[in-house]
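Accompanying notes for the structure given below.
Computed from the coordinates by the stated procedures, all read-outs in this text should not be read as laboratory data. If you're wondering where the values come from, they're calculated on a predicted model, not measured in any experiment. Positions of Cβ are backbone-derived with ideal geometry, glycine not excepted, and every protein chain shown enters the neighbour counts.
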Amino acid sequence: MKLINQIKQSQRQIRTSSSLSNLIKNATTLTKLTTSQLLSSSNQTDHLLNQTQVDPFKLLSPELKKLNLNLSSLLGSNQIKLDQVAKYYLSPSTDSKHLRPLIVLLVSKATANLSPTYPHHLHSFQLDINQSISPHSILTDHNPSASSSNPLNDPSSSSILPSQHRLAEISEMIHVASLLHDDVIDKASSRRSIPSAPHEFGNKLSILAGDFLLARASIGLARLGSLEVVELISSIISNLVEGELMQLNSNGKSNHQIWNEYLEKSYLKTASLMAKTARCATVLGGCGIHQGWEEGEKIKDGVYQFGKHLGIAFQIIDDVLDYTSSASVLGKPSGGSDLKLGIATAPILYASEQFPELNELINRKFNLEGDVERAQELVHRSNGISRSIELAQKYSNEAREFLKQSGIPENEARIGLEKLSWMVIDRVK
């Protein structure tokens with residue numbers, strides 16, 4: 001009852017706020033209270049239990065620490081500027097969460113030794129997966145950063161295969177490539193708490209560095225020796241491009257169409273990478289009919305659905321934070337940065353149901369003077385932020401349910417995945 005009264009008080013303050021700064025301050029308070037209210041529902045016990053369980057980042061801390069070192073050794077180039085830009089967002093000074101490789105590693109650890117063919121996969125990858133398939137003289141791809149040893153053959157966790165470690169690195173390379181390209185398209189000034197690559201090096205080098213990352217990821221992918229994984233990863237790159245184009249062309253449509261496109265775009269640009277690399281991790285571990293274990297198809301499907309729903313929840317919260325957090329906290333532009341790019345996300349789509357005048361602003365992509373400020377004001381006066389958090393919570397709950405039904409036994413890594421589904425909702429950056 002006390003919490004409900006606090007929420008009502010914050011709502012009254014929002015309605016009577018005389019300035020946008022006060023409005024945002026009161027709305028942010030309401031957002032925090034609404035999150036607490038949502039978590040005090042029937043899932044509160046589950047949430048509290050997860051709060052006391054394993055921290056997924058600490059569980060795989062040794063693997064994550066090695067990640068950047070291994071990535072650096074994969075991305076070297078004789079072209080000094082290219083080398084510098086390709087590694088720019090991977091610098092230890094950046095504020096990287098490494099969420100995507102963490103999902104791969106957790107799924108790998110959670111499903112280790114489940115497949116009857118797992119021992120075969122364990123021994124088949126004792127060979128150096130850094131070894132080129134074609135002669136070096138043909139590849140013409142000298143990498144001055146390449147390690148003379150192969151750290152993947154002596155991983156920190158023996159329950160994670162060398163191929164799965166490499167998959168985690170590939171997932172981060174693809175993600176960083178997409179950031180480089182996105183920052184050119186969005187004209188972003190900052191990323192991961194540092195000046196953006198286009199701001200530091202220009203658009204041309206940023207685009208070329210993104211392409212270079214995708215090329216090096218493709219080389220690593222080919223050496224994994226799995227056609228199924230190649231197919232899945234290739235489709236992720238297609239999805240990223242399709243999602244970006246969908247985002248650029250979403251105007252002049254009905255609210256229902258925009259909602260459908262928003263969720264599809266969230267899958268293509270964000271969730272596809274999480275879902276399909278999670279599925280790839282189980283393929284490399286021997287799950288599935290093509291790996292000789294038909295029962296493993298259920299696990300493959302379960303982790304895919306987990307990653308899909310987790311990714312959509314992550315994106316919705318990311319869109320909420322654009323309204324409720326600061327650039328200094330997020331490490332990238334906020335305070336209506338999506339609106340300035342003409343992008344309508346969950347908070348404003350919900351707000352438009354209360355304030356229909358927003359539909360006109362959405363259709364013209366907030367391109368008139370005062371549109372962005374008016375849209376921000378109406379979002380904070382509406383229940384758009386709280387409803388967006390509730391929608392993200394729904395996807396997070398569904399992610400956990402798919403994981404529980406996947407057939408993966410309850411172990412430390414699976415609990416870590418469940419905990420991760422709460423962490424994406426509770427995050428502030």
Contour minus Cα-Cα distance for Arg427 and Ser145 (0.36 nm per residue): 98.0 nm
Cβ-derived FRET efficiency at R0 25 Å, Glu242 paired with Glu401, nearest 0.05: 0.35
Qualifying lysines (Cα of each under 21 Å from Cα of Lys253; at least 8 residues distant if same chain): Lys265, Lys269, Lys340, Lys365
Under the Karplus curve 6.51 cos²θ - 1.76 cosθ + 1.60, θ = phi - 60°, whole-Hz ³J(HN,Hα) for the stretch 313-321, x wherever Gly or Pro sits: 4, 4, 5, 4, 5, 4, 6, 5, 4
Where labels lie 7 Å past Cα in the beta-carbon direction, separation of Ala215 and Lys58 in nm: 4.3 nm
Label-point separation, Val230 to Asn203 (7 Å along Cα→Cβ), nm: 3.5 nm
Alpha-carbon centroids, the stretch 276-333 and the stretch 176-224: separation in whole Å: 21 Å
Built amide H within the under 5 Å cut-off of Trp293, gap 5+: Gly288
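Can you check what the net charge comes to around Val320, using other residues whose Cβ is under 11 Å from the Cβ of Val320 (Lys, Arg +1; Asp, Glu -1)? Numbers along the way, then the final one.
On the way: positive: Arg387, Arg427; negative: Asp318, Asp319, Asp322, Asp338, Glu390.
That sum, taken over residues with Cβ under 11 Å, equals -3.
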For Leu179, net neighbour charge (Lys/Arg +1, Asp/Glu -1) across residues whose Cβ lies under 9 Å away: 0
Cα gyration tensor category, rounded, prolate or oblate, for the stretch 316-387 with a/c compared to 1.5: oblate
Three-way shape call for the stretch 206-322 based on the alpha-carbon gyration tensor, with the a/c threshold at 1.5: oblate
The stretch 309-328 residues near the modelled Asp95 label - backbone nitrogen below 12 Å, point 7 Å along Cα→Cβ: 325-328
